[in-house]
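K.L.:
So that we are looking at the same thing, I have put the structure below in C-alpha cells.
Please treat every number below as a calculation from the coordinates, not as lab data. Computed from a prediction, not measured in an experiment: that's the story for all the values here. Backbone-built Cβ (ideal geometry, glycine too); neighbour counts: all protein chains shown.
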Amino acid sequence: SYTESASDILAKEGEADRTFVSAYTQGIYYPLPEFYLSFGARLENLSNNHKPTVVNAQEVDDEINTDNSSLYPRFSVGYMPNEHFTIYASAARTFKAPTLVHLYDAAPIRNIDPMIPIDWVDISNATLEPMTGTNLEIGTKFSGASGIDGNITIYSYYLKNEIDFVNATFSYQNIGKSRHSGAELSLSRELPNNLKAGFDLNYNEATFEDGDYEGNQLNGVPKVTYSASLGWRHKSVLELNLSGNGLSDIWADQENKTPLDNWFALTLSGRANYQRASLYLTINNLLDKEYELSGYMDPLVGQARYYPAAGRNFMLSVAVSLM
C-alpha cells in the first residue's frame, strides 16, 4: 500500500502487489581444455496488480492488472590458454521490469502557479512495459602481467521499451528503442610500500533509435564515466584510500540542447582497527566542489532544474565485534 500527500492534501493512495517467478538453467561444455561453450536460459513471469483509490486528489475505483512472461536465452564462448588470461564473447536476451516507484509510488507534484492550467503532475506511470533487449559483448580478462589485473569489454546493447523520464509529460515513459554501444576498461595494480592503484573507464554511446529524437544521446546518461583510486594498507591495523569519480558529456534534455556540467570529485576514506573495534571515516567531496549530479528540463516553466551535489561532508562510524 502507498499514501502520498502534498500541501496537506491526500494526493495519491492505493494498493499494489507484484508476483515475480523466475527459473534459470545453465550448462558448460569443454570441447578442448582451453575452450568452453556455455548455454543458458531464463524463464520469467511478472504479474502486477494495482488498485488505486485516490489519484491526483480525486477518489477513483479502478484496478490495473499486467502480466509478462518470456524466455531469455544466453550463449557464450571462451578461450583460456592459461589461468591468467581469458577472452570471451557472449550474446543474450535480457529483461528488466519497472520498479514499483516507476509504476505507482512516486509522489505527485501540485502546481501552485495560476498561469499553468494543471493541478497535479503524476511522475509515476502504471502502464509502463518491461524493458527487453539483446546484449552483445566481447572481452578479455587478464592478471599477473607486470602485477596488473584488469579486463577490457566492448559491448552493444539494443533495448526496447527503455524507461526514461520524459520532459513533455513530466513522467516516466517507455521511450521506444535505444542502443548503448561502447567499451569498458578496468585496471588495478599492487605497488611497493603496501600501495594499490586502480583505474576504471567507461565510454557509452547511448542513443535513441526511433521517434522524434532518433540519433540523439539519451538524456541523463553520460558518455564518459571514470574513476581512479590509490590505497595504502598497514598490515590489518590501518587502511587509507583516496578515490576520484567523474563523468562528462551528459544532457538534461532529449533535444540535446541543455548540457550538464562535467565533474570530478574526490573521496577520502580510512579504517583503523584495534582489537575488536574498528573506526571508519569517509570524507565526501574532499575539495568542496560545486557541481550538478544531474538535471532535467521542467516542461511547466521551460527551464532546466538541477540536483546539486552536497558540499564537503563526512561520516564517522564505529563497529565492535562481540564474537
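K.L.:
Check the chain and count each lysine pair with an alpha-carbon distance under 29 angstrom, considering only pairs eight or more places apart or from different chains.
P.N.:
The number of close lysine pairs in the chain is 22.
K.L.:
What is the magnitude of the charge dipole of the chain about its Cα centre, with +1 placed on the Cβ of each Lys and Arg, -1 on the Cβ of each Asp and Glu, and no other charges, expressed in debye to the nearest 20?
P.N.:
1740 debye
K.L.:
Could you give the nm distance between label points at Y306 and L287, where each point is 7 Å from its Cα heading toward the beta carbon?
P.N.:
About 1.7 nm separates the two model spin labels.
K.L.:
Under 11 Å from the Cβ of T225, count the other residues' Cβ atoms, weight Lys and Arg +1, Asp and Glu -1, and hand me the total.
P.N.:
The answer is -2.
K.L.:
Where Lys and Arg each count +1 and Asp and Glu each count -1, what net charge lies around S143 among other residues with Cβ under 15 Å from its Cβ? If you can, show how the numbers build up before the last one.
P.N.:
Values: positive: K141, R189, K196; negative: E83, D149, E190.
Charge balance near S143 sits at 0.
K.L.:
So, one more: How far apart, in nm, are two points set 7 Å out from the Cα along the Cα-to-Cβ line at N194 and at S236?
P.N.:
1.4 nm
K.L.:
Right, another one. Need one number for the chain: average projected area of the convex hull over its C-alpha atoms, nm².
P.N.:
For the chain, the mean projected area of the Cα convex hull comes to 22.5 nm².
K.L.:
Residues with beta-carbon under 13 Å from that of I87, excluding I87: net charge, scoring Lys, Arg +1 and Asp, Glu -1?
P.N.:
Taking every other residue near I87 into account, the sum is -1.
K.L.:
With unit charges on the beta carbon (Lys/Arg positive, Asp/Glu negative), name the residue among I154, P130, Q303 whose Cα is farthest towards the positive pole of the charge dipole of the chain.
P.N.:
The one lying farthest along the dipole's positive direction is I154.
K.L.:
Further, regarding this structure: Picking from S278, T258, Y291, whose Cα lies most toward the positive end of the charge dipole for region 232-299 (charges on Cβ: Lys, Arg +1; Asp, Glu -1)?
P.N.:
S278
K.L.:
Let me ask something else about it. Calculate the FRET efficiency for S317 and L185 from the Cβ-Cβ distance with a Förster distance of 30 Å, rounded to the nearest 0.05.
P.N.:
Details: r = 33 Å, r/R0 = 1.09.
The formula returns an efficiency of 0.35 here.
K.L.:
Please report, in debye to the nearest 20, how large the charge dipole of region 205-269 is about its Cα centre when each Lys and Arg carries +1 at its beta carbon and each Asp and Glu carries -1 there.
P.N.:
Dipole size: approximately 780 debye.
K.L.:
Another one. FRET efficiency for I152 and D17, Cβ-Cβ distance as r, R0 = 41 Å, nearest 0.05? Each step should come with its number before you reach the end.
P.N.:
Values: r = 43 Å, r/R0 = 1.05.
According to the calculation, E is roughly 0.45.
K.L.:
What is the chain's relative contact order, in percent, from Cα pairs under 8 angstrom and six or more apart in sequence?
P.N.:
Numbers: 822 pairs, mean separation 27.6, N = 323.
Reported relative contact order: 9 percent.
K.L.:
Further question: How high is the relative contact order of region 157-214, in percent, with contacts defined as C-alpha pairs under 8 Å that are six or more residues apart?
P.N.:
Across region 157-214, relative contact order equals 31 percent.
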